[in-house]
1. Restricting the search to the stretch 105-118, which residues are closer than 21 Å to S140 by Cα and either touching a Cys at 6+ places or on another chain (Cβ under 7 Å) or free of Cβ contacts under 8 Å to residues at least 60 places away in the same chain (or both)?
2. Considering only the stretch 82-97, how many residues are among the aliphatic types (A, V, I, L, M), surrounded by 16 or more Cβ atoms within 10 Å (Cβ to Cβ) and either within 21 Å of T71 (Cα to Cα) or more than 15 Å from the chain's Cα centre (by Cα) (or both)?
3. Might you check whether a residue that is surrounded by 22 or more Cβ atoms within 10 Å (Cβ to Cβ), within 16 Å of the chain's Cα centre (by Cα) and of a type in the set (S, T, N, Q) occurs anywhere in the stretch 6-18?
4. Among H122, H111, which is the only one that is closer than 16 Å to L11 by Cα and at pLDDT 90 or above?
5. Residues of the stretch 11-64 being acidic (D, E) and either within 16 Å of P82 (Cβ to Cβ) or in contact with a Pro (Cβ under 8 Å, 6 or more places away or on another chain) (or both), which ones?
6. Report those helices (runs of 4 or more DSSP H) wholly inside the stretch 1-71 carrying at least 3 residues which are without any contact (Cβ under 8 Å) to a residue 60 or more places away in the chain, among the small types (G, A, S) and within 20 Å of E110 (Cβ to Cβ).
7. With the requirement that a residue be exposed (fewer than 13 other Cβ atoms within 10 Å of the Cβ) and not polar (S, T, N, Q), what does the stretch 62-76 give you?
8. Looking at (1) at pLDDT below 95; (2) farther than 19 Å from F123 by Cα; (3) of a type in the set (G, A, S), which is the only condition A13 fails?
Amino acid sequence: MDLTAIAALDLFAGSGSISLEFASRGCPSVTCVEMNPDYARFIKDTVSALHLSSQVQVLRNNVFDFLNICTRKYNLVFADPPYDLPGLKNLPEKIFNAGILEDDGMVVLEHPDAFSFAGSAHFMKEKKYGNVHFSFFAVSKTLPTFALPNNQGPVVQPG
């Protein structure tokens with residue numbers, strides 16, 4: 001996935017570091033959604049100070065409300081919800097059901113080791129880094145090259 005040619009969505013943006021990372025890697029369109037007003041203001045101030053306002057849009061909103069009203073489509077959705085979020089196990093389904101993903105779209109979900117999404121629809125793989133886990137989900141059955149270890153070619157999952 002060429003980050004310089006996609007639209008990215010950062011859900012539960014927190015400090016905005018993921019959004020800022022997307023922008024620093026040339027992503028032309030980043031939307032970050034953060035409900036906490038102090039965090040959202042911090043992200044907006046940082047985006048402004050770094051002159052990234054043309055690339056990064058900051059929305060102070062509840063993620064679930066946002067998913068219900070969003071009409072835009074994204075190539076990449078990154079979600080780092082609170083680990084104790086009620087309904088965390090249903091988050092990937094809610095993202096896919098919102099209709100916000102392009103045909104080549106993928107979702108990266110950060111979550112604690114207590115959760116496994118291996119049986120979920122659209123699940124592709126999980127990467128573990130200590131107690132932090134990242135589950136990858138895709139609309140298609142082919143993961144983009146950047147999501148694979150050592151930039152191996154695309155992997156087609158059976159199914």
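The values are calculated or read from the model by the stated rules, or taken from the named source; none is laboratory data. Keep in mind that what you see is a predicted model, and the values were worked out from it rather than measured. No Cβ is skipped: glycine too gets one built from the backbone with ideal geometry, and neighbour counts run over all protein chains shown.
1. Hits for the stretch 105-118 are G105, V107, V108, L109, E110, S116, F117, A118.
2. The total comes to 2.
3. No, every residue in the stretch 6-18 fails to be surrounded by 22 or more Cβ atoms within 10 Å (Cβ to Cβ), within 16 Å of the chain's Cα centre (by Cα) and of a type in the set (S, T, N, Q).
4. H111
5. Correct list: E34, D38.
6. Of the helices (runs of 4 or more DSSP H) lying wholly inside the stretch 1-71, those with at least 3 residues that are without any contact (Cβ under 8 Å) to a residue 60 or more places away in the chain, among the small types (G, A, S) and within 20 Å of E110 (Cβ to Cβ) span 17-24.
7. Across the stretch 62-76, the qualifying residues are D65, I69, R72.
8. (1)
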